[in-house]
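Coordinate-derived values only; no laboratory data. Predicted model, so just to flag it, every value in this text is computed and none were measured. As a convention, Cβ positions derive from the backbone with ideal geometry for all residues, glycine included, and neighbour counts pool all protein chains shown.
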Amino acid sequence: MIIDGHTRTCGLIGNPVEHTMSPMIHNTLAENLGHDLVYVPFHVEEGRLTDAVKGAFALNVLGLNVTVPYKSQILSDLTEIDELAEKIGAVNTLVRREDGFKGYNTDMPGLYRAMCSEGIRIEGEEVILLGAGGAARAVAFLCAFRNVSKVYMLNRSLEKAEAVAAEVNEKTGRSCICPMALSDYPKLPDHKFLAIQATSVGLYPDVDKVIIEDEAFYRKIHTGYDLIYKPSQTRFMKLVRAQGGKAYHGLKMLLYQGVIAYELWNNVSVPEEMALQVYEAMKEKMGMKEADER
Ligand code: NDP
């Protein structure tokens, strides 16, 4: 592309940002849509977040993504926060406004769009949600907003699951999130569940680890969705498949959180075929095979 005086800048702030796939998503979209836009990662040191946001605004940056460890910390640096992001308490996308940046959360709608594109429905389902960290919190909100009938939130630290469940139930006016200690998984009812794996167990390089080993647990799962995408076949996914369930990794969630951010920055709707072209490029970069998709 030719960068000139009209080129708009978007980027990612976080620490670390060196292994991010986001430039590939946004620069490919910009190229395919013919937008004069460039996306770059910005490594922001601890203690410099406020300076980074102010500096980006002063430099006429159009929009930013926000990653670990700043998704919650950034809330106080924004002039406006979208209602959904405020409820979730985490922002991963900043959109330029007249007097500062407005914060959004596109992780949650990104996961929803990814699931829909795989034909996974969550409305009315009973869900097992593994984890109670930042990602699991957003998934719990998604489930509550999308009328999941019940969510069993299993976490190693029960207090954390209890706190997240209480907050999500209160803020959504539902009482569908049911916290449980991870070790209590044998008490789950006999049922076929959609299970969402939102812990960091099994993430590269610890690819042989899995949150629960017991085959009996996996017999209760008809579909397993692991938010991890590196490796592209986690042990969790393998164990789900070994018991006859369908299993998916989290790369499409990453794709769609980016696509939704791009749409917010540019006020466009990205055609599905174009999103899927970007997805193919992401898979190639990850060295993924077709077998990882089933
Ligand atoms: P957090 O650090 O906020 O949460 C980690 C979670 O994992 C907690 O529930 C923690 O339990 C649990 N956990 C960690 N180690 C263990 C262990 N040894 N045994 C049992 N439980 C454990 O991380 P995030 O919520 O931000 O991210 C979770 C995962 O989701 C990551 O792998 C990340 O890569 C993925 N992710 C994927 C995205 C995508 O676009 N596909 C987007 C965001 C995240 P405890 O509370 O007891 O410590």
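Overview of values
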{"quantity": "Between region 48-78 and region 243-294, the Cα center-to-center distance that results, in Å", "calculated": "25 Å"}
{"quantity": "Charge dipole of the chain about the Cα centre (unit charges at C-beta), most positive-ward option of Val168, Ala58, Gly34", "calculated": "Val168"}
{"quantity": "Region 208-291: trypsin sites (Lys or Arg not before Pro) in DSSP loop, at most 12 other beta carbons within 10 Å", "calculated": "Lys289"}
{"quantity": "Cleavage-rule hits, trypsin sites (Lys or Arg not before Pro), region 1-102, DSSP coil, Cβ neighbours within 10 Å at most 16", "calculated": "Arg48"}
{"quantity": "Net dipole in debye of region 47-156 [+1 Lys, Arg Cβ; -1 Asp, Glu Cβ; about Cα centre; nearest 20]", "calculated": "240 debye"}
{"quantity": "Relative contact order (%) - criterion: Cα under 8 Å, at least six apart; region: region 198-279", "calculated": "24 percent"}
{"quantity": "Segment Leu203-Glu280, extension gain: residue separation times 0.36 nm, minus the distance between their alpha carbons", "calculated": "25.6 nm"}
{"quantity": "Estimated dipole of the chain in Debye, rounded to 20 [Cβ of Lys and Arg +1, of Asp and Glu -1, Cα centre]", "calculated": "660 debye"}
{"quantity": "Theoretical FRET efficiency, 1/(1+(r/R0)^6), r = Cβ-Cβ of Asn15 and Glu98, R0 35 Å, to 0.05", "calculated": "0.75"}
{"quantity": "Region 49-186: translational diffusion in µm²/s, Stokes-Einstein, Kirkwood Rh over Cα pairs, 37 °C, 0.692 mPa s", "calculated": "206 µm²/s"}
{"quantity": "Alpha carbon Rg of region 153-210, scaled by the compact-globule rule 2.2 N^0.38 Å", "calculated": "1.29"}
{"quantity": "Reciprocal of mean inverse Cα separation for region 192-281 (Kirkwood radius, Å)", "calculated": "14.2 Å"}
{"quantity": "Per-residue HN-Hα couplings for region 132-147 [Karplus 6.51, -1.76, 1.60; θ = phi - 60°; Hz; x = Gly/Pro]", "calculated": "9, x, x, 5, 5, 4, 5, 5, 4, 5, 4, 4, 5, 5, 9, 6"}
{"quantity": "Tail fraction, Cα-Cα pairs, the chain, threshold 34 Å, whole percent", "calculated": "20 percent"}
{"quantity": "Chain lengthening between Glu83 and Gln243 when straightened (0.36 nm per residue, less Cα-Cα)", "calculated": "53.6 nm"}
{"quantity": "Descending Cα extents along the principal axes, region 119-244, whole Å", "calculated": "38, 28, 26"}
{"quantity": "Computed magnitude of the charge dipole of region 250-291 (debye, nearest 20; Cβ of K, R +1, Cβ of D, E -1)", "calculated": "200 debye"}
{"quantity": "DSSP beta bridges in the chain [antiparallel fraction, %, rounded to 5]", "calculated": "20 percent"}
{"quantity": "Rule-of-thumb Rg ratio for region 233-294 [Cα; 2.2 N^0.38 Å; N residues]", "calculated": "1.33"}
{"quantity": "Gain in span if fully extended, Ile3 to Glu213, counting 0.36 nm per residue against the direct Cα distance", "calculated": "70.4 nm"}
{"quantity": "Computed Kirkwood radius, in angstrom, where 1/r is averaged over Cα pairs of region 1-126", "calculated": "15.6 Å"}
